[in-house]
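For reference, the structure is listed below as structure tokens.
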Amino acid sequence: QVQLVESGGGLVQAGDSLRLSCAASGRTLSSYAMGWFRQAPGKEREFVAAFRWNTYITYYADSVRGRFTISRDNAKNAVYLQMNNLTPEDTAVYYCAARTTPGVPQSSYAYDYWGQGTQVTVSS
């Protein structure tokens, strides 16, 4: 079992930055894929960014590429999402997810463990 806890969300203005954190416990993540997803009101959960822990090859949704950066801290067993130049369209609940089997899919259905989510609201 893996427990994931997100933090760092909040209310910001357009153009601001936020850094989300995902703390993992229960198992080390060295063989996992880790992803960030988001869900806006009335919309489906969508892929934001992901990587496989042992290769650290990163993947991004087109809508965030160049503005968001996913990273990790091996010692802390944590994953981060640095979000720059935020826009109102980035407003959503952001979730951290872990996948135990090979691959780095962009479908939320392919991930095994989820955090409770953290709200990000960007005002114009």
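The values are calculated or read from the model by the stated rules, or taken from the named source; none is laboratory data. Quick caveat, the model's predicted, so the values are computed rather than measured. Cβ: placed from backbone, ideal geometry, glycine included. Neighbour counts: every protein chain shown. Areas reflect the complete protein model, heavy atoms only, side chains present, ligands, DNA and RNA absent. Shrake-Rupley method; radii C 1.70, N 1.55, O 1.52, S 1.80 Å.
Values as computed for the structure displayed
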quantity: When residues of the stretch 52-87 are limited to those that are over 22 Å from ALA23 (Cα atoms) and touching a residue at least 60 places away in the same chain (Cβ under 8 Å), the one surrounded by the most Cβ atoms within 10 Å (Cβ to Cβ); calculated: LEU86
quantity: Near pairs, Cβ below 6 angstrom, 6+ apart or cross-chain, from the stretch 14-26 (in contact (Cβ under 8 Å) with a residue 24 or more places away in the chain and assigned to a strand (DSSP E or B)) to any residue that is open to solvent by 30 Å² or more (accessible area, probe 1.4 Å) and small (Gly, Ala, Ser); calculated: ARG19/GLY8; LEU20/GLY8; SER21/SER7; SER21/GLY8
quantity: Total residues in the stretch 99-124, condition outside any loop (DSSP other than H, G, I, E, B) and either open to solvent by 30 Å² or more (accessible area, probe 1.4 Å) or at pLDDT below 95 (or both); calculated: 9
quantity: Filtered residues of the stretch 30-46 (kept if under 17 Å from ASN84 (Cα atoms) and either open to solvent by 10 Å² or more (accessible area, probe 1.4 Å) or in contact with a Pro (Cβ under 7 Å, 6 or more places away or on another chain) (or both)); calculated: ARG38
quantity: Selected residue [hydrophobic (A, V, I, L, M, F, W, C) and open to solvent by 30 Å² or more (accessible area, probe 1.4 Å)] from ALA49, ALA23; calculated: ALA23
quantity: Complete set of residues in the stretch 29-60 that are over 20 Å from SER7 (Cβ atoms) and β-branched (Val, Ile, Thr); calculated: THR55, ILE57, THR58
quantity: Test: residue in the stretch 78-95 that is more than 26 Å from GLY42 (Cα to Cα) and of a type in the set (A, V, I, L, M); calculated: yes
quantity: Lone qualifier among ALA61, ALA24 - being under 18 Å from MET83 (Cα atoms) and aliphatic (A, V, I, L, M); calculated: ALA61
